[in-house]
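I have placed the structure first, in the form of C-alpha cells, so that the comments after it can refer back to it.
The values are calculated or read from the model by the stated rules, or taken from the named source; none is laboratory data. Just so you know, these numbers come straight off a predicted model, no measurement behind them. Note: ideal-geometry Cβ built from the backbone for every residue, glycine included; neighbour counts use all protein chains shown. With ligands, DNA and RNA removed, areas are computed over all heavy atoms of the protein, side chains included. Shrake-Rupley method; radii C 1.70, N 1.55, O 1.52, S 1.80 Å.
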Amino acid sequence: MNLFDVYPLFDIEITKGVGCRTYDSHGIEYLDLYGGHAVISIGHSHPYYVQKLTQQTEKLVFYSNSVINKLQTELAEKLGKISGYEDYSLFLINSGAEANENALKLASFHNGRRKVIAFNKSFHGRTSAAVRVTNNPKIVAPINEGFEVEFFALNDIDGVKKSLAKGDVCAVIIEGIQGVGGIQTPETEFLQELSKACTATETVLILDEVQSGYGRSGKFFAHQHAGIRPDLITVAKGMGNGFPIGGLMISPKFNASHGMLGTTFGGSHLACTAAIAVLDVIKAEHLVENAQKVGDFIIEELKKLPNIKEVRGLGLMIGIEFDYPVKDIRNSLLFDKKIFTGASGTNTIRLLPPLCLSKSDAQYFIDQFKSLL
Ligand code: PLP
C-alpha cells in the first residue's frame, strides 16, 4: 500500500532530536526553528519528559475514560495554575481540530444557536465542524454542514458588532495569533471590544490557542496580552511536545452533564504524562519568559535587516514577510545553512522554534539569515 500523497515532503529523514537540534539519517545536524509545526515546546527528547514517558509506559499505556484517571486531574490542576484559569474545567482530546470541533459543539449546546463568526485567513483545523479557511486556494474547502459561517476581516469590530447585535450568533472563533494566515495578531482594542460585545449578546467567545498558546507568545496565551478572558480556549500542538493531545478549557458558566462530550483516546495515561511533563519543564525552566526574551531579540534584530517587507509576531511566533516568494530563501536556509523554518502563504517565513531556544542560537540564525539576504 502507498501513502495517500497529501504532503509535499523535503527529502530529509529526521531520526534524532536534542533540544533545538534535529539530526537526519546521514547524521547531519539542523537548527530547528520550526518545531514540527509549533509542536516542540520544551525541546526534542527533553530528559525529564523522556524519563516520565518511559516510566509510564512500563506501568500502563492505556485505559479508557470509564475509570478514574488521576493524571487527568493533575494535568487540569497544573494547567489551570500556570495559565491563570484555575476556575475553568478541562476536556481532553487528541488534536487541535477536535478541540475546536468540541468548542463549537459546546457553544451551540449552550445557547442553541448555529451561526459562527470567523475571520479571513483563519485556520481552525480539518474536521467538518471546525471552521476553516486558509489563504491557500488549493485547500479551501466547503466549511461545514452544521454551522452557518460569516467571515470578517481581522479587527473589523464594527462589522462583527453589527452581526452580533442580531442576537443569533452562537460563537465567535478567533486565533490568539493567526498562524497559517501569516502571523497576524488581533489588535488589543479589537479583542477587548469583541469580548465585551460577545458577553452583551450571550455569544460564546472561543480563543483558538492551538498554535499561539502554551507560552509561545511570551505569555501563556496570546490573548492574555489583551487582558481578556474568553469563554472557551482550545489548545494542542505544544501541549504534548509531540505526543498527540488537545484540550478544551471551559469557563464555569458551562454546565457539564454525562454524555455531553466524549472520546475514546482523549486524556490517555500516556498523553497526560507527556502534558504534565511539559508543564513541569515550562515552569522549572521559565520557558514562557524565555520565549518573550529570545523572541524580542529576534524581532529586534530582524527589523534591522534589509529587503524585508515586514516582521510580525510575539515571542517565538514570528513572521518575516517579503515582497516575493520565500521558497528559495527557505531552501537555502534548510539545505545550505541547515536551518528548518516554516512558511505562511508564499511570501512569509514563519518561525516556530522550541521555547527553549537560546540567545546564541537566535544570533546564529540572524547571522546566517543576514548572509543569505
Ligand atoms: N487551530 C490552529 C490555529 C492551528 O494552527 C491548527 C493546526 O495547524 C489547528 C487548529 C488544527 O490542529 P490539528 O492539526 O492538531 O488538528
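Within the range 348-362, the set of residues being in a loop (DSSP other than H, G, I, E, B) and either without any contact (Cβ under 8 Å) to a residue 40 or more places away in the chain or surrounded by fewer than 18 Cβ atoms within 10 Å (Cβ to Cβ) (or both) comprises just one member, SER358. Of everything listed in (1) open to solvent by 40 Å² or more (accessible area, probe 1.4 Å); (2) more than 16 Å from the ligand (Cβ to nearest atom); (3) closer than 26 Å to ALA38 by Cα, the single unmet condition for HIS110 is (3). Listed by first and then second residue, the pairs with beta-carbon distance under 9 Å, at least 6 apart or on different chains, first residue in the range 1-16 and open to solvent by 100 Å² or more (accessible area, probe 1.4 Å), second of a type in the set (Asp, Glu), are GLU13/ASP24; LYS16/ASP24.
Counting residues in the range 256-265 that are open to solvent by less than 20 Å² (accessible area, probe 1.4 Å) and either in contact with a His (Cβ under 9 Å, 6 or more places away or on another chain) or not aromatic (Phe, Trp, Tyr) (or both) gives zero.
Every residue in the range 60-79 that is in contact (Cβ under 8 Å) with a residue 40 or more places away in the chain and of a type outside the set (A, V, I, L, M), please.
First, pick out the residues of the range 60-79 that are in contact (Cβ under 8 Å) with a residue 40 or more places away in the chain: 60-65, 69, 71-72, 74-75, 78-79.
Across the range 60-79, the qualifying residues are PHE62, TYR63, SER64, ASN65, ASN69, GLN72, GLU74, LYS78.
Scanning the range 67-105 for residues that are assigned to a helix (DSSP H, G or I), within 16 Å of the ligand (Cβ to nearest atom) and out of contact with any Cys (no Cβ under 8 Å at 6 or more places or on another chain) yields a count of 9.
Going by the conditions given, is THR127 modelled with pLDDT under 90 and in contact with a Phe, Trp or Tyr (Cβ under 8 Å, 6 or more places away or on another chain)? When the stated conditions are applied, THR127 does not pass them. For the range 266-273, the count of residues that are open to solvent by 40 Å² or more (accessible area, probe 1.4 Å), of a type in the set (S, T, N, Q) and not in a loop (DSSP other than H, G, I, E, B) is zero. Restricting LEU79, LEU92, LEU71 to those that are surrounded by 15 or more Cβ atoms within 10 Å (Cβ to Cβ) and farther than 27 Å from ILE174 by Cα reduces the list to LEU71. So for the range 259-275 (the condition being in contact with a strand residue (DSSP E or B) (Cβ under 6 Å, 6 or more places away or on another chain) and without any contact (Cβ under 8 Å) to a residue 24 or more places away in the chain), does at least one residue qualify? Within the range 259-275 (the criterion being in contact with a strand residue (DSSP E or B) (Cβ under 6 Å, 6 or more places away or on another chain) and without any contact (Cβ under 8 Å) to a residue 24 or more places away in the chain), the answer is no, since none of the residues qualifies. In this entry, ILE28 is excluded by the filter for residues that are at pLDDT 95 or above, within 30 Å of THR263 (Cβ to Cβ), surrounded by 10 or more Cβ atoms within 10 Å (Cβ to Cβ) and more than 16 Å from the ligand (Cβ to nearest atom). For GLY240, state whether it is within 17 Å of the chain's Cα centre (by Cα), open to solvent by 10 Å² or more (accessible area, probe 1.4 Å) and either of a type in the set (A, V, I, L, M) or within 15 Å of the ligand (Cβ to nearest atom) (or both). No, not satisfied.
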